[in-house]
DNA sequence: GGTCTGACCGGCG
DNA sequence: ACGCCGGCCAGAC
């Protein structure tokens, strides 16, 4: 038998990211935890890198555990990420999402 | 095929 | 408070 074909985990990551409500944010680690690869949050960020050009994958709603826009340099322009967030009503100051705890959307809790 | 590198995270001194 | 390090694992070279 050949190898079992399983969806790449990119697909899984994308699915979750697509479910993040407009105006909310989550973290790489939270997504990783939801997918059962908690300690591999890096992979989530790396997966986001593959989401370039893809539509319906709001990568800007994914920040690090501190609510910091660590991935902004991977957008078309460094300001793009913040602009997209602000367009959804999220306030960002110096790469920091304001009211992060309130806006935080945890897939582990929300997607039961 | 070994080594390095990440859009991270948690722990430890 | 703050910096450093190990883990995790898939690609690139």
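Tabulated data for the structure shown
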| item | result |
| --- | --- |
| Answer residue from the range A:4-18, given it is at pLDDT 90 or above and in contact with a helix residue (DSSP H, G or I) (Cβ under 7 Å, 6 or more places away or on another chain) and is surrounded by the fewest Cβ atoms within 10 Å (Cβ to Cβ) among those | A:16 |
| Test: residue A:81 is within 14 Å of the chain's Cα centre (by Cα), touching a residue at least 12 places away in the same chain (Cβ under 8 Å), outside any loop (DSSP other than H, G, I, E, B) and under 16 Å from residue A:19 (Cα atoms) | no |
| Criterion: at pLDDT 95 or above and closer than 21 Å to residue A:112 by Cα - qualifying residue of A:89, A:36, A:23 | A:23 |
| Of all residues making up the range A:15-54, the number that are near DNA strand B (Cβ under 10 Å from one of its atoms) and part of a helix (DSSP H, G or I) | 19 |
| Test: residue in the range A:59-68 that is within 16 Å of DNA strand C (Cβ to nearest atom) and in a helix (DSSP H, G or I) | no |
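The values are calculated or read from the model by the stated rules, or taken from the named source; none is laboratory data. Everything numeric in this text was worked out from a predicted model, so none of it was measured. Glycine gets a Cβ as well: all are built from the backbone with ideal geometry, and neighbour counts include every protein chain shown.
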